[in-house]
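To start, the structure itself, in structure tokens.
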Amino acid sequence: SSSKLRSVLEECGREGVAALSAATPVESSLTASSWDYEIHSTANGYQIDWINTNLHEGVPIAVILQYGHGTGTGGYVEGRDYINPAMRPIFDKLADKAWKAVNS
């Protein structure tokens, strides 16, 4: 049912926030504490987005930590893939629980 699915999305949304917060590089505690999620109704069902609100001059810090970035002096800071490993078990759980919610 729709309410069961919504409950699964809420649960996995919270778990994703916790996983992302824990996985965010420790030197960026503001970024780690800036994770949240949003659930949207779409034409095909629901969509869950994990967002990070820590911006510096309009740049999302979570993204540059993930993918790397140039510095003001011509250097480059290598990115670190912390998002995908943190979210993989959340996605697996979400797929399993969502399937069960809509087929029970």
Does ILE90 satisfy being of a type outside the set (D, E, K, R), in contact with a Leu (Cβ under 6 Å, 6 or more places away or on another chain), surrounded by 13 or more Cβ atoms within 10 Å (Cβ to Cβ) and closer than 23 Å to LYS4 by Cβ? no
Name the residue that is surrounded by the fewest Cβ atoms within 10 Å (Cβ to Cβ), counting only residues in the range 41-72 that are in contact (Cβ under 8 Å) with a residue 24 or more places away in the chain and assigned to a helix (DSSP H, G or I). ILE61
Give GLU27, GLU38 a once-over and let me know the one that is surrounded by fewer than 12 Cβ atoms within 10 Å (Cβ to Cβ) and assigned to a loop (DSSP other than H, G, I, E, B). GLU27
Here are the criteria: (1) exposed (fewer than 14 other Cβ atoms within 10 Å of the Cβ); (2) outside any helix (DSSP H, G or I). Tell me which single one TRP99 does not satisfy. (2)
Over the range 1-24, the set of residues under 13 Å from TYR82 (Cβ atoms) and assigned to a loop (DSSP other than H, G, I, E, B) is THR24
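Each reported figure results from applying straightforward, stated rules to the coordinates on display, with no laboratory input. Only a predicted model underlies this, so the values are computations on that prediction, with no experimental measurement involved. For neighbour counting, all protein chains shown are included, and Cβ atoms are generated from backbone atoms with ideal geometry for every residue, glycine included.
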